[in-house]
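The values are calculated or read from the model by the stated rules, or taken from the named source; none is laboratory data. In this text, all values refer to a predicted model and were calculated from it rather than measured experimentally. Positions of Cβ are generated from backbone atoms using ideal geometry, with glycine treated the same way; all protein chains shown enter the neighbour counts. We work out accessible area using only protein heavy atoms, side chains counted, and drop any ligands, DNA or RNA first. Shrake-Rupley method; radii C 1.70, N 1.55, O 1.52, S 1.80 Å.
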Amino acid sequence: MTATQEPGLKEAPTQEIGRDRRRKEDQRLITGRTRWTDNIVLPGMLHIAMVRSPFAHARITGVDTEAAKAAPNVVDVFTGSEVADVQGVIANAWPLSAEQKAPDHPPMAVDRVAFAGEIVAVVVARSAAEAQDAAELIDVEYDELPAVIDLKRAAADDVLAHPDLGTNISSVWTLDSAEGGTGGNVDEAIAEARENGIVIEREYRQQRLIPAFMEPRSTVVDPTGEQYVVWSATQIPHIARFLLAATTGTPESKIRYIAPDVGGGFGGKLQTTPEEWLTFLAAKRTGKPVKYTESRSESLMSGHHGRDQWQRLTLAATKEGRVTGLKVDLLADMGAYIGIVGGGVPVLGAWMFNSIYKWDAYRFTTTQVLTNKTWVDAYRGAGRPEATYGIERLMTELAAELGKDPLEVREMNWIKHDEFPFTTVAGMTYDSGDYEAATARSKELFGYDELRAEQQRRRDAGDPVQLGIGVSTYTEMCGLAPSRVLGQLNYGAGGWEHAEIRMLPTGKVEVITGTSPHGQGHETAWSQIVADRLGVPFEDVEVLHGDTQISVRGLDTYGSRSLVIGGEALVRAADKVVERAKPLAAHMLEASPDDLEFAGGRLQVRGTDQGVTIQEVATAAWTAHDLPDGLEPNLDASATYDPVNFSFPHGTHLCAMEVDTETGRVRMRKYVAVDDIGNIVNPLIVSGQVHGGLVQGISQALWEEAVHDEGGTLVSGTLVDYLLPTAADTISFETDHTTSPSTTNTLGTKGVGEAGTIASTPAVVNAIVDAVRHLGVTDIRMPCSPERVWRAIQQAQKGAGQ
Amino acid sequence: MNPAPFEYLAPTTVDEAVAALVEHGDEAKILAGGQSLLPVLRMRLNAPEWVIDLGRIETLRGVRDAGDHLVIGAMTTHDQVLHDPLVHEHALLVTKAVTQLADAQVRHRGTFGGALAHADPGGDLGAPTLALDATFVITGPSGTRSVPAAEFFVDLFETAIGEDEILTEVQVPKYDGWGAHYEKFVRVSHQWPIIAVAATVRLDGDTIAEARVGLTNMGSTPVRATAVEEALAGQPATPDAVQQAAAHAADGTSPPTDLNGDAEYRRHLATVLTRRAVLAAAGRNGT
Ligand SMILES: Cc1cc2nc3c(=O)[nH]c(=O)nc-3n(C[C@H](O)[C@H](O)[C@H](O)COP(=O)(O)OP(=O)(O)OC[C@H]3O[C@@H](n4cnc5c(N)ncnc54)[C@H](O)[C@@H]3O)c2cc1C
């Protein structure tokens, strides 16, 4: 700093948005200094153990808790029938329509269990070990009932998951372009294609997955103060508070919900859980703080699952490869209960099967089916990965049928960059995008032509290791969501987001967000946004979240909504702070507010060097010694923003896979992701989201699958059998971006949290199938285990030999 | 989850440990590195009343040269075995197998003896010790006895170790100058093997003079692929010759069926991976 500089005038900070700042929250996270829910210890705290049903479907005929009650240091034991009236219910917040059939979902089973893992008794003791010891002493008598485990069998209704409902079909939901006026009649398109074009019919399986966040779910409830304080490893403290009040009759004002640092969620903590509700109940009953932390086995068995669909798809195209129509018939496994948004997750696919393509006619039908398994709900991407997989596999099959390059067929059908904004056959309006640019960049990074040449060489040489190239040109809709649209879809809440900015007397800034980060790095990104918007140093901004006493309004974090909605709320709140500062700044400068301009953190009289920083104005507002008449001594501002549209990131992902035809083992050779997510606030954070997202999607393609046996027991019930990759199992991805700023938010950003997961699964499977297509293989079911790949080759060869 | 309550003993000599086993009989469980036992206890699949920790018995640790063979103490950790120069020099096949056993954390805790005593058919040490004709030294109330590898593995999770006995050491004959390879087939790196092939060969010029081949997870115990060994002896170390011999790899095996593959697939894998393992052990790359 030079001595001639005026006091209080700092050099304008460099632009924060676009800087690859390291995440400021990481220091406490990676040094283990943070406070997770399970680290919380309160005086006199009690612990819970759950007794869970080993049966998938059974009537509870008796629960003997005497021995458990007499066990050392046991304080309370209760069963479902004892608390039936007071335990509340687990919410089904997206029923789709009034006709939906949904079983009651009590936190603890009262007289019947509907999946293996359902809670039937709760033990409260002075230590977790004592609670578990006592839980072993509880004797539950069951009358086993016929269970329906398989999704297709369940759809046939011969065994009922919930006999009282009379059917396993929970709901059927349709979007039809002819009926909605957004396109033609799909049956006509298919009939025409059968005559004069090409029809591709396929059935794909979306296997069941388990969200495997790092931190198990955990809840602590302290009932000793005026408010019940609930700490929970959740993505949705605000929604959970509302639902706890709404379903237990406790006034909302008597509940404070806190999501402290939360170690991952991926949708798996987007739920109000039986365990939270029962911990609350135990605290209420005993009057003492109570903690429950699940074991990994409990997490795998009874934390909700994801995906689980059968997709029947019929695509109609002209002989040249122009798609004229698509008919989608989904069967979606709900599991035993309808989760918080589980009933609607498959419906999100309705706007995504048409993806980046233009076609004439479209019909989407999804049937939600109840089974006696763990319930299914949102898992990273929720409905869009399923749809993207279906269409990207199908477009690849169309290309194969035509003998054309898969990128060429896509280009023939996609929306051109000069056609935005574009209203799709599903009725969604995409604001911006450039599929040509993303594809061109991706091909270049990938070395597309060279890899195709190598593929040909390996084929010609009959190499036991074959090479395949997979394409995924995806888009997705995120940023949930315009409240009006949600209302039309019978969704239980709005989609707005809230932010608040407090200008502290020292000029420091507290930012309060209604989003609830659980690993995404909002504290850093939000600080960057506010630093730029208010022209204050990054270090002067503190981001607060997750505690309903501090963050009073919010709708939390899921569906890649935080930046595109929460970020916009933040921008608007910051702009309000500047507006509020103007009259006082003008007063301090003896100028008219109209003559002030705001830049680089300074309110300055236009055309002069007279100015004050917004931080100085904050101090002046606090002392309030010299204010213009009638001005409130306060610059703080808040904004609640309801989005006008979804956000539509897109990109082109290219994947090269090697397939060892002798063993079926696959190996990733190269992966390029070029994503268009609009303007980027922090490239490092984006890179983390993309890399993590890619691995999660790749993992669905190659490794993960929740498997139940015929009796409904989860066979992949530990991480020995539920295969998760580590860094050792992946390669270094090449990632890059093209940029078509969003036109619906000030910063021009689009969501990135789910993009990698949505895009990568079909890219990988397309690559594997491409590697062995010349051997006669046209499909391999996920996860593409070595055995499945080997068998697909064997069967194709056998078929060819006949 | 927490294990059910148990009493804990940490003797400092083998005699004390054996005495404790005699006293508590089938109410007792030995604790070595705990990498298999603790998950079992924590998931409450087993609830012994006594846990007898061998961790303080110094004589059970370490690798030493005993002339024509090596002695690996039962409580030597996988990580110690992995980095032991004697093992590398005289029993390369063991080093190769341990490199791929679990992850660094598990290798620092888990022990050579614990893994063998546990006798998981998917364990990575059974096939190499079987192929190398190791000898298992077991101590009980009536003294010490030596059991050849071929008799040590009895069944799934069952060995020749009696209820009141302890595995104290494993003697591995020296295979100086033999090439070795452990071909482990997994879907993710930290996985137990779907199957694995342990192969070690002595070359005489370009000819395979002798070969030893063991298979992991091709039955309820590790399996010796004797038909392959016999077929290999005296053959040139060429892909064709090795492939012909390896075709016998699955002879007489009864591999399991599970989420990672059925028995038929495992039998097929055994032939492919045996060919690869033998060629790699012979220093012949590629397929
Ligand atoms: C995440 C993970 C991944 C793993 N992956 C692999 C893998 O890929 N390949 C592989 O081979 N192994 C794997 N293991 C197992 C590992 O090798 C263990 O070290 C081994 O199975 C048990 O050894 P331990 O010393 O921990 O024995 P413990 O767990 O302490 O004991 C195991 C059993 O052996 C008995 N026992 C132990 N020592 C003796 C003795 N001296 N005499 C008599 N009985 C005894 C115990 O009573 C117990 O029943 C894995 C383990 C984990 C946790």
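Numbers for the structure displayed
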{"quantity": "Of the criteria (1) surrounded by fewer than 24 Cβ atoms within 10 Å (Cβ to Cβ); (2) within 20 Å of the chain's Cα centre (by Cα); (3) of a type outside the set (Gly, Ala, Ser), which one A:HIS708 fails", "calculated": "(2)"}
{"quantity": "Residues of segment A:349-387 that turn out to be farther than 25 Å from A:PRO103 by Cα, outside any loop (DSSP other than H, G, I, E, B) and open to solvent by 10 Å² or more (accessible area, probe 1.4 Å), as a count", "calculated": "2"}
{"quantity": "Residue among B:THR144, B:THR111, B:THR77, B:THR139 that alone is over 20 Å from B:LEU31 (Cβ atoms) and of a type outside the set (D, E, K, R)", "calculated": "B:THR144"}
{"quantity": "Any chance B:PHE185 is among the aromatic types (Phe, Trp, Tyr), surrounded by 23 or more Cβ atoms within 10 Å (Cβ to Cβ), farther than 26 Å from B:ALA20 by Cβ and within 14 Å of the ligand (Cβ to nearest atom)", "calculated": "yes"}
{"quantity": "Conditions (1) over 21 Å from A:GLY519 (Cβ atoms); (2) of a type in the set (S, T, N, Q); (3) within 16 Å of the ligand (Cβ to nearest atom): number failed by A:THR744", "calculated": "(3)"}
{"quantity": "Search result, residues across segment A:511-533 that are out of contact with any Asp or Glu (no Cβ under 8 Å at 6 or more places or on another chain) and part of a helix (DSSP H, G or I)", "calculated": "A:HIS522, A:ALA525, A:TRP526, A:VAL530"}
{"quantity": "Looking only at segment A:620-638, and only at residues there that are open to solvent by 30 Å² or more (accessible area, probe 1.4 Å) and not in a loop (DSSP other than H, G, I, E, B), the one that is farthest from A:VAL552 (Cα to Cα)", "calculated": "A:THR623"}
{"quantity": "Odd one out for A:GLY487 among (1) surrounded by fewer than 24 Cβ atoms within 10 Å (Cβ to Cβ); (2) in the same structural domain as A:ASP660 (by TED's automatic domain parsing); (3) among the small types (Gly, Ala, Ser)", "calculated": "(2)"}
{"quantity": "All positions within segment A:116-146 that are open to solvent by 40 Å² or more (accessible area, probe 1.4 Å) and either within 15 Å of A:TYR337 (Cβ to Cβ) or within 14 Å of chain B (Cβ to nearest Cβ) (or both)", "calculated": "A:ARG126, A:GLU130, A:ASP133, A:GLU136, A:LEU137"}
{"quantity": "Answer from B:ILE166, B:ILE161, B:ILE195 - the residue that is of a type in the set (Val, Ile, Thr), within 11 Å of the ligand (Cβ to nearest atom) and either within 14 Å of chain A (Cβ to nearest Cβ) or surrounded by fewer than 24 Cβ atoms within 10 Å (Cβ to Cβ) (or both)", "calculated": "B:ILE161"}
{"quantity": "Boolean, A:THR718 is touching a residue at least 60 places away in the same chain (Cβ under 8 Å), within 12 Å of chain B (Cβ to nearest Cβ) and out of contact with any strand residue (DSSP E or B) (no Cβ under 9 Å at 6 or more places or on another chain)", "calculated": "yes"}
{"quantity": "Subset of segment B:141-172 [part of a loop (DSSP other than H, G, I, E, B), closer than 22 Å to B:LEU215 by Cα and either of a type outside the set (A, V, I, L, M, F, W, C) or in contact with a helix residue (DSSP H, G or I) (Cβ under 8 Å, 6 or more places away or on another chain) (or both)]", "calculated": "B:PHE157, B:ALA160, B:ILE161"}
{"quantity": "Contacts under 6 angstrom Cβ, first residue in segment B:87-109 being more than 14 Å from every other protein chain (Cβ to nearest Cβ), partner more than 9 Å from the ligand (Cβ to nearest atom) and of a type in the set (Lys, Arg), 6 or more apart", "calculated": "B:HIS90/B:LYS174"}
{"quantity": "Every residue from segment A:724-748 that is without any contact (Cβ under 8 Å) to a residue 24 or more places away in the chain, within 10 Å of chain B (Cβ to nearest Cβ) and part of a loop (DSSP other than H, G, I, E, B)", "calculated": "A:THR726"}
{"quantity": "Residues of segment B:99-120 that turn out to be surrounded by 24 or more Cβ atoms within 10 Å (Cβ to Cβ) and either of a type in the set (S, T, N, Q) or within 18 Å of B:LEU273 (Cβ to Cβ) (or both), as a count", "calculated": "1"}
{"quantity": "Candidates A:GLY559, A:GLY566 - the one that is within 43 Å of the chain's Cα centre (by Cα) and either over 18 Å from A:ASP532 (Cβ atoms) or surrounded by fewer than 19 Cβ atoms within 10 Å (Cβ to Cβ) (or both)", "calculated": "A:GLY559"}
{"quantity": "Residues located in segment B:1-32, provided they are more than 14 Å from chain A (Cβ to nearest Cβ), open to solvent by less than 60 Å² (accessible area, probe 1.4 Å) and of a type outside the set (A, V, I, L, M, F, W, C)", "calculated": "B:PRO11, B:THR13, B:HIS24, B:GLY25"}
{"quantity": "Filter result (touching a residue at least 40 places away in the same chain (Cβ under 8 Å) and more than 9 Å from chain A (Cβ to nearest Cβ)) within segment B:277-287", "calculated": "B:ALA277, B:VAL278, B:LEU279, B:ALA280, B:ALA281, B:ALA282, B:GLY283, B:ARG284, B:GLY286"}
{"quantity": "Any hit, segment A:60-75, residues being within 33 Å of the chain's Cα centre (by Cα) and either of a type in the set (Gly, Ala, Ser) or open to solvent by less than 50 Å² (accessible area, probe 1.4 Å) (or both)", "calculated": "no"}
{"quantity": "Verdict on B:THR253 being without any contact (Cβ under 8 Å) to a residue 40 or more places away in the chain and either open to solvent by 20 Å² or more (accessible area, probe 1.4 Å) or within 14 Å of chain A (Cβ to nearest Cβ) (or both)", "calculated": "no"}
{"quantity": "From the options A:VAL674, A:VAL577, A:VAL617, A:VAL644, residue that is open to solvent by 10 Å² or more (accessible area, probe 1.4 Å) and either part of a helix (DSSP H, G or I) or more than 14 Å from every other protein chain (Cβ to nearest Cβ) (or both)", "calculated": "A:VAL644"}
{"quantity": "Single unsatisfied condition, A:ALA792 versus (1) under 25 Å from the mean Cα position of the chain (by Cα); (2) within 14 Å of chain B (Cβ to nearest Cβ); (3) of a type outside the set (Asp, Glu)", "calculated": "(1)"}
{"quantity": "Lone qualifier among B:LEU273, B:LEU259 - being open to solvent by 40 Å² or more (accessible area, probe 1.4 Å), within 12 Å of chain A (Cβ to nearest Cβ) and out of contact with any helix residue (DSSP H, G or I) (no Cβ under 6 Å at 6 or more places or on another chain)", "calculated": "B:LEU259"}
{"quantity": "Residue among B:GLN80, B:GLN35 that alone is open to solvent by 10 Å² or more (accessible area, probe 1.4 Å), within 14 Å of chain A (Cβ to nearest Cβ) and in contact with a Gly (Cβ under 9 Å, 6 or more places away or on another chain)", "calculated": "B:GLN35"}
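Rundown of residues vs (1) assigned to a loop (DSSP other than H, G, I, E, B); (2) of a type outside the set (Val, Ile, Thr); (3) not assigned by TED's automatic domain parsing to the domain that holds B:VAL197, yes/no style:
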{"residue": "B:GLN80", "(1), (2), (3)": "no, yes, yes"}
{"residue": "B:VAL87", "(1), (2), (3)": "no, no, yes"}
{"residue": "B:THR95", "(1), (2), (3)": "no, no, yes"}
{"residue": "B:VAL106", "(1), (2), (3)": "no, no, yes"}
{"residue": "B:ALA115", "(1), (2), (3)": "no, yes, yes"}
{"residue": "B:ASP120", "(1), (2), (3)": "yes, yes, yes"}
{"residue": "B:ASP124", "(1), (2), (3)": "yes, yes, yes"}
{"residue": "B:THR129", "(1), (2), (3)": "no, no, yes"}
{"residue": "B:VAL137", "(1), (2), (3)": "no, no, yes"}
